[in-house]
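To start, the structure itself, in structure tokens.
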Amino acid sequence: MDRLINFLYTLRWQDIVDITLTSYILFRFYVLFRGTNVFRILIGMTILWFFQRIAVFLGLIVTSWVVQGVAAVAALIIIVVFRNEIRSVLQARNLKSILWGFTSKTVIPTIEILVESIFEMALRKTGALLVFPGKEDLEEEIQSGIPWRGTVSKEMVMSIFWPGNPVHDGAAVIGGDQIREVGAILPLSHRDDLPSHYGTRHRAALGLAEITDALVIVVSEERGDVLIAKNSELKEVKQKHRLKQHLQEHMGIATKKQPFMRRETFETAMAAILSIVFITGVWFNFTKGRDTLATLEIPIEYMNRDPGMEILDASVNAVSLDLSGSGALIKSIRSDQVQVELDLSKAVPGNNSFTITRENISLPPGIVLKNVYPTVVNVGLDVTIKKKVPVQIDWVGRLPEHLILVEANIDPEYIEILGGERILSNIVTIYTEKVPLDKLGTEGSITAKLALQPASIKIATGSKDKIAIKYKTEQRSSAIWKDAQEKETTP
Amino acid sequence: MRHPVVIFIILFWALIVLNTQAAFSQENEKTATDTFPKTLTLYQAVMCEDIHTNAPRNQTVVFSVSKEKVVCFTSFDTVPEKTFIYHHWFYRDMPSARIRLLLRPPRWSTYSSIQIRKTDIGPWRVEITDVKGNILGVLRFSITD
């Protein structure tokens, strides 16, 4: 009991939201795709995934690879093959019905109008063919339909199937409270066990019902019968309430008293519970699995530094964070998810000591900070100033023995540099990069870059980063040169 | 009555003219004094390889370490009184040597030198200062292979 209380105490509100939200998404997937082929395939995929996990657990290397490969290919195939079905689920409904709705209320009076119209046509022996699409897309099955987009009314339905109407021989496709198409041509059934009095309308109704989940209603012109074609079955409906019941069932509408509705409610409730249980299990697996410890070296980021100051040095550049969490979470940590930030807004020139607390560290959800090393970081800051310093050439190499460099005038002789006050106080001269003597002629001009040491100092705006050198060499005075020659020849 | 007034005017003008002449002579005297500065003045400062007959020989800004010696020659045109100067030798801005040299009036030339080794390769400078530390001149040079 104590464990349970302790556990509940560790739950954050984010965890509750996390489980609820994901469970609802899973539940909505069920509601939207139930009864479709996509849903069946998704169940198959889930089984495949479980099978793969079991194979991994048992150490079946090749099996797990094969199953993983099949699952990956299957995921691609589902999207390609069932694109129309997925599209019809996501596009045919409004956003509200995708996120929340189970049924559309406008359909109930429409069904009553339709039932009335159908039985009226049966009474008058007016032949009619009405298609009520299910979850599947009928775009590829129905041909030559003329777009209608009219709200269902008894007069409208009766007029469409009035024998003088040019489209009366085709089928009317009805979705929600709209007549979407009229004069549509349906695929014919090739069954040879149908009664002889069934005409083309009956075969067309059955033909579509055989290959899709649509419900098709036929009104016989000869006998005045009303028949329903669904799932390869064609059956006669004699009572209005039975037809209404069939239509409501097909459209997912029913009253509480009806047993199939109770079954549907039970199924939906079970799906909701299973979604919560499944997601809670996955959540536990991810977040409350075996605790894993990890140590990460995270570089310190300095924030809100006064632009007039610069960081001279810091006791450390990175801190070690001992982190704890479930293995899955620890493994999934990305470097950009963990940050250590120090606020320099109150820092002063000189040495500043900062203690790293939990507030300085950003961690992804579910990860717990166990320890920080070091906890104190010393940061040296300095005020940025400008200083004018002379430039000196750093010659290297050697001139020929008979030559001496008598002149080396530089332009500019002084440059302005920017840097920390403490650093610049020790800088008296800025030297050039090494300038080789070996390539000098008798007289000429060369350029040399400045060697800025330490790297934190910069050349001020307006000062050049290169200097021009005008040089002149002359013959060495003979007395000394001779002395030198003698010295070199002396063993 | 007229005589005293005339005498007064003549005396007044005479006084003005005399005063003006006195002022001119004082100014001339002052200018004459200024042409002989009483401050120590550095006339010449060069780096060279050697001193020959009291003059620098082979003035240069780059010295090969094989020459083993670097000389800083300084010449002062006006030395008002017996005094000292310093040659401060710096290797890469780090003090390396400080040499005190005697100057005698009215003009004086003097030099200091250092022995150089492989470890001295790099940029150097010599600061010439008076006894109070005022910098009279700076010479920059390099010691190379």
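The values are calculated or read from the model by the stated rules, or taken from the named source; none is laboratory data. Note that this is a predicted model, so its numbers are computed, not measured. Note that we place each Cβ from the backbone using ideal geometry, even for glycine, and neighbour counts take in every protein chain shown. For the accessible areas, the whole protein counts, side chains as well, though only heavy atoms, and no ligand, DNA or RNA atoms are used. Shrake-Rupley method; radii C 1.70, N 1.55, O 1.52, S 1.80 Å.
Key figures
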| item | result |
| --- | --- |
| Candidate set: the range A:417-444, residues that are open to solvent by less than 20 Å² (accessible area, probe 1.4 Å) and out of contact with any Lys or Arg (no Cβ under 9 Å at 6 or more places or on another chain); chosen: the one farthest from the other protein chains (Cβ to nearest Cβ) | A:420 |
| Which numbered condition residue A:46 fails, given (1) modelled with pLDDT under 85; (2) β-branched (Val, Ile, Thr); (3) surrounded by 14 or more Cβ atoms within 10 Å (Cβ to Cβ) | (3) |
| Whichever residue in the range A:351-386 is of a type in the set (A, V, I, L, M) and over 29 Å from the mean Cα position of the chain (by Cα) and, among such residues, is farthest from residue A:304 (Cα to Cα) | A:372 |
| Selection count where residues are more than 13 Å from chain B (Cβ to nearest Cβ), open to solvent by 80 Å² or more (accessible area, probe 1.4 Å) and over 30 Å from residue A:401 (Cα atoms), scope the range A:445-461 | 3 |
| Residues satisfying the stated conditions in the range A:337-366, i.e. hydrophobic (A, V, I, L, M, F, W, C) and either farther than 15 Å from residue A:301 by Cβ or touching a Gly at 6+ places or on another chain (Cβ under 6 Å) (or both) | A:348 |
| Residue ranges of helices (runs of 4 or more DSSP H) in the range A:59-125 with at least 2 members surrounded by 11 or more Cβ atoms within 10 Å (Cβ to Cβ) and modelled with pLDDT of 80 or more | A:61-81, A:107-123 |
| Filtered residue count, the range B:92-145, keeping only those that are more than 30 Å from residue A:434 (Cα to Cα) and charged (D, E, K, R) | 5 |
| Filtered residue count, the range B:51-66, keeping only those that are open to solvent by 40 Å² or more (accessible area, probe 1.4 Å), facing chain A (nearest Cβ under 9 Å) and either under 14 Å from residue B:112 (Cα atoms) or assigned to a strand (DSSP E or B) (or both) | 2 |
| Criterion violated by residue A:205 - all others in (1) at pLDDT 85 or above; (2) buried (at least 19 other Cβ atoms within 10 Å of the Cβ); (3) within 39 Å of the chain's Cα centre (by Cα) satisfied | (3) |
| Where residue A:282 falls short, out of the listed (1) within 19 Å of residue A:33 (Cβ to Cβ); (2) of a type in the set (A, V, I, L, M); (3) surrounded by fewer than 16 Cβ atoms within 10 Å (Cβ to Cβ); (4) at pLDDT below 85 | (1) |
| Matching entry among A:182, A:173 (being surrounded by 14 or more Cβ atoms within 10 Å (Cβ to Cβ) and touching a Phe, Trp or Tyr at 6+ places or on another chain (Cβ under 6 Å)) | A:182 |
| Which listed residue, of A:361, A:393, A:367, is modelled with pLDDT of 90 or more, away from chain B (no Cβ under 14 Å) and open to solvent by less than 60 Å² (accessible area, probe 1.4 Å) | A:361 |
| Residue that is least open to solvent (accessible area, probe 1.4 Å) [pool: residues in the range A:5-18 that are modelled with pLDDT of 85 or more and over 19 Å from the mean Cα position of the chain (by Cα)] | A:17 |
| Residue, nearest to the other protein chains (Cβ to nearest Cβ), within the range B:67-102, restricted to residues that are among the hydrophobic types (A, V, I, L, M, F, W, C) and closer than 19 Å to residue B:118 by Cα | B:90 |
| Residue within the range A:233-253 that is assigned to a loop (DSSP other than H, G, I, E, B), more than 16 Å from residue A:120 (Cβ to Cβ), of a type in the set (A, V, I, L, M, F, W, C) and modelled with pLDDT under 85 present | yes |
| Number of the condition not met by residue A:432 [criteria: (1) in a strand (DSSP E or B); (2) among the hydroxyl-bearing types (Ser, Thr, Tyr); (3) closer than 21 Å to residue A:304 by Cα] | (3) |
| Complete set of residues in the range B:92-115 that are farther than 21 Å from residue B:55 by Cα, over 22 Å from the mean Cα position of the chain (by Cα) and open to solvent by less than 60 Å² (accessible area, probe 1.4 Å) | B:93 |
| Failed criterion for residue A:379 (all others in (1) within 14 Å of chain B (Cβ to nearest Cβ); (2) touching a Phe, Trp or Tyr at 6+ places or on another chain (Cβ under 8 Å); (3) surrounded by 15 or more Cβ atoms within 10 Å (Cβ to Cβ) hold) | (1) |
| Residue list for the range A:173-219, filter: among the charged types (D, E, K, R) and closer than 19 Å to residue A:157 by Cα | A:177, A:180, A:181, A:201 |
| Lone unmet requirement of (1) open to solvent by 50 Å² or more (accessible area, probe 1.4 Å); (2) touching a Ser or Thr at 6+ places or on another chain (Cβ under 7 Å); (3) farther than 30 Å from residue A:15 by Cα; (4) more than 14 Å from chain B (Cβ to nearest Cβ) for residue A:398 | (4) |
| Qualifying residues in the range A:407-416 (those that are surrounded by fewer than 18 Cβ atoms within 10 Å (Cβ to Cβ) and under 21 Å from residue B:64 (Cα atoms)) - the one farthest from the other protein chains (Cβ to nearest Cβ) | A:409 |
| Members of the range A:290-326 found to be in contact with a helix residue (DSSP H, G or I) (Cβ under 8 Å, 6 or more places away or on another chain), without any contact (Cβ under 8 Å) to a residue 40 or more places away in the chain and open to solvent by less than 80 Å² (accessible area, probe 1.4 Å), listed by number | A:292, A:294 |
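A quick yes/no check of all residues on (1) closer than 13 Å to residue B:71 by Cβ; (2) more than 9 Å from every other protein chain (Cβ to nearest Cβ); (3) of a type in the set (Phe, Trp, Tyr):
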{"site": "B:105", "(1), (2), (3)": "no, yes, no"}
{"site": "B:110", "(1), (2), (3)": "yes, yes, no"}
{"site": "B:113", "(1), (2), (3)": "yes, yes, no"}
{"site": "B:118", "(1), (2), (3)": "no, yes, no"}
{"site": "B:123", "(1), (2), (3)": "no, no, no"}
{"site": "B:126", "(1), (2), (3)": "yes, yes, no"}
{"site": "B:130", "(1), (2), (3)": "no, yes, no"}
{"site": "B:135", "(1), (2), (3)": "no, yes, no"}
{"site": "B:142", "(1), (2), (3)": "no, no, no"}
